[in-house]
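Enquirer: First, the structure itself, so that you have it in front of you.
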Amino acid sequence: MISPYGVFISYQVNVDANGNNIIGDAANECAISVDPTNGNKMTIAWRQFNDVTSNFRQAGWGYTTDGGVHWTFPGVLQNNVFRSDPVTQSDETGNFFYLSLQSTWPTQTFYCDDLWRSTNGGQSWVERSPDRSAGGDKQWFTIDKTNGPGHGFQYQANDNANCNNSSAIFQRSTDGGVTWQSPIVVPNTPIYGTLDVDTNGNVFVGGWSGGTTFRCERSSNAQIGGQTPTFDRNTAVSLGGTIVQGGINGDVGLCGQVFLAIDHSGGPTNNNIYMLASVRPSGRTTTDVMLARSTDGGVTFSAPLKINDDANFQAKWHWFGTFAVAPNGRLDAVWYDNRNTADDSSQLFYSYSTDAGLTWSPNVAVSAAFNPHEGYPNQNKIGDYITIVSDNTGGDVAYSATFNFNPTRGQHEEDVYYVRVFPSGSATPTPTPTATATATATATATATATATPTPTATVSATATATPTSTPRPSPTARPEPSTRPRPTPPPRP
């Protein structure tokens, strides 16, 4: 499936060996990484349901070498192993890393994760840490790419269902993910969030602490390998509402996670901290995409700012909000939005900011509308998140949609798509007065776990054969302004 919409083109990722759709599967919850040394090389990981009548899923992935026009889906990390919650990252040299949650089937008796690495652009993966060696449910991780003492360190955090059977925990690896040190309880248990490292090597964890309270927590000594990480800054953040489970995303799906990202531009906005989530304001049943920012290292945060600009926003869903900060400091946000439909059918929307999140460009739709309720696997949702990685001219997005029709089931099916978004696809933001009140409550807390490395073993990833498929037309080149080279695909009939 190739789905053009205006100047944007979405390309299906979970395809068979001939590049065609796989009928009868489901693929959702996708995480993208881009090789910073060659933007044409990308990998996307997702939850692969080979049979939509079952809740059994595996760790699928795909890779591209031509900027997302063609994708290869080799298989899954481990055949017949229950996996979920995929997260990918890249280091500054172009190595890709895949953090994958593992459990038993059909009953989940544990929630642990392991880390995999690819040194060939996502074509194959080798397990770095042993199965069930760290982590837990709704894990996320980041890599220190600074030139400080923590260079190459990896950090992960997860929620209360984890290998340690404790509150939300934080773990560090000082050897590239081979071993993970003993877990440390994160104060105020922020969950459903992400992590990032500022240019000084400080690690920040952002997440939801329940109700309308979100947290930004800093560890300044995690970058020192000989010390046990502690959290020396703990700030309450308002995003103007609360996280939603269910709603437009089936019975159990989140309507969005919490994303924290830091500006590494080296300019006036360097080390700004941004937090974004799709939240439900008080008195509402639907969600908005909201952002708060800190310009003082997480001591205080601004009042929340709404990014979706539709006039009838109170009656519509703006969900799965996510964003990234480009190397030049531009912010790119994408989300699902049903403002243009009479039902829950949604489109992927895009907006960007060139003034550190104070003002945002007019929202533009970048995909055709799709019904998010069709193609559910046994687990009724279309995943819990989508992701974006930005460069100086645009952003690379991985998302799930239901464009393909499955005649056997009489409905559309969930698949993973890639689309390139870029500022010239919409108008330039016009600065307007913006609320900048700051939240000042900043309690601190210290954790006291000791570090104990874990021995490791490595195994090679194995690919699975893909089912039969239906043909698709050859793709067209995507019209985008970009400084990175892009090959020209064959013309589309």
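The values are calculated or read from the model by the stated rules, or taken from the named source; none is laboratory data. Values in this document were obtained by computation on a predicted structure and should not be read as measured data. Cβ: placed from backbone, ideal geometry, glycine included. Neighbour counts: every protein chain shown. Just so you know, the surface numbers come from the protein's heavy atoms only, side chains and all, with ligands and any DNA or RNA stripped out. Shrake-Rupley method; radii C 1.70, N 1.55, O 1.52, S 1.80 Å.
Enquirer: Assigning unit charges at the beta carbon (Lys, Arg +1; Asp, Glu -1) and nothing else, what dipole magnitude in debye, to the nearest 20, does segment 12-162 show about its Cα centre? Write down the numbers at each step before the final one.
Expert: Working: 9 positive and 16 negative charges, 15 e Å.
Result for segment 12-162 is approximately 80 debye, rounded to the nearest 20.
Enquirer: Can you give me the accessible area per residue for the chain, using a 1.4 Å probe, in Å²?
Expert: On the way: 16780 Å² over 493 residues.
Accessible area per residue, the chain: 34 Å².
Enquirer: Specify the inter-centroid distance of segment 169-186 and segment 1-39, based on alpha-carbon positions, in whole Å.
Expert: If you average the Cα positions of each part, the centres end up 32 Å apart.
Enquirer: Oh, and also: With a cut-off of 8 Å between alpha carbons and a minimum separation of six or more residues, what is the relative contact order of the chain in percent?
Expert: Numbers: 1554 pairs, mean separation 87.0, N = 493.
Relative contact order for the chain comes out at 18 percent.
Enquirer: Something else: Note down the magnitude of the dipole of the chain about its Cα centre, charges +1 on Lys and Arg C-beta and -1 on Asp and Glu C-beta and zero elsewhere, to the nearest 20 debye. Don't skip to the end; give the middle numbers.
Expert: Values: 28 positive and 40 negative charges, 45 e Å.
Once rounded to the nearest 20, the dipole reads 220 debye.
Enquirer: Turning to a different aspect of this structure: Where a ≥ b ≥ c are the square roots of the eigenvalues of the C-alpha gyration tensor, would you call segment 42-177 rounded, which needs a/c under 1.5, or, failing that, prolate if a/b is larger than b/c, or oblate?
Expert: Numbers: a/c = 2.22, a/b = 1.04, b/c = 2.14.
Here segment 42-177 falls in the oblate category.
Enquirer: Taking 8 Å as the Cα distance limit and 6 or more residues as the minimum spacing, I'd like the relative contact order of segment 14-100 as a percentage. Don't jump to the answer; show the numbers that get you there.
Expert: Numbers: 214 pairs, mean separation 26.9, N = 87.
Value for segment 14-100: 31 percent.
Enquirer: Could you compute Rg(Cα) / (2.2 N^0.38 Å) for segment 53-125, with N its residue count? Intermediate values should be presented prior to the final figure.
Expert: Details: Rg = 13.5 Å, N = 73, 2.2 N^0.38 = 11.2 Å.
That works out to 1.20 for segment 53-125.
Enquirer: Lysine pairs, Cα distance under 28 Å, 8 or more residues apart or cross-chain: how many in the chain? Mind showing how you got there, number by number?
Expert: Values: Lys41/Lys138; Lys41/Lys145; Lys138/Lys306; Lys138/Lys316; Lys138/Lys381; Lys306/Lys316; Lys306/Lys381; Lys316/Lys381.
For the chain, qualifying lysine pairs total 8.
Enquirer: Can you classify the chain as rounded, prolate or oblate using the Cα gyration tensor, where a ≥ b ≥ c are the square roots of its eigenvalues, rounded means a/c under 1.5, and otherwise it's prolate if a/b beats b/c and oblate if not?
Expert: Numbers: a/c = 1.41, a/b = 1.12, b/c = 1.25.
Because its axes are fairly even, with a/c under 1.5, the chain counts as rounded.
Enquirer: If I take every Cα pair under 8 Å that is 6 or more residues apart in segment 56-212, average their sequence separation and divide by the length, what percent do I get for the relative contact order? Intermediate results must be reported in sequence, preceding the final value.
Expert: Details: 393 pairs, mean separation 23.5, N = 157.
RCO, segment 56-212: 15 percent.
Enquirer: Rounded if a/c is under 1.5, else prolate if a/b beats b/c, else oblate: with a ≥ b ≥ c from the C-alpha gyration tensor eigenvalues square-rooted, which is segment 224-382?
Expert: Details: a/c = 1.98, a/b = 1.54, b/c = 1.28.
Prolate shape, in that a/c is at least 1.5 and a/b is the bigger ratio.
Enquirer: Turning to a different aspect of this structure: Can you compute 3J(HN,Hα) from phi for each residue in segment 134-140, using the Karplus curve 6.51 cos²θ - 1.76 cosθ + 1.60 with θ = phi - 60°, rounded to whole Hz and x for Gly and Pro?
Expert: Each residue's phi maps through the Karplus curve to give 6, x, x, 5, 6, 6, 9 Hz.
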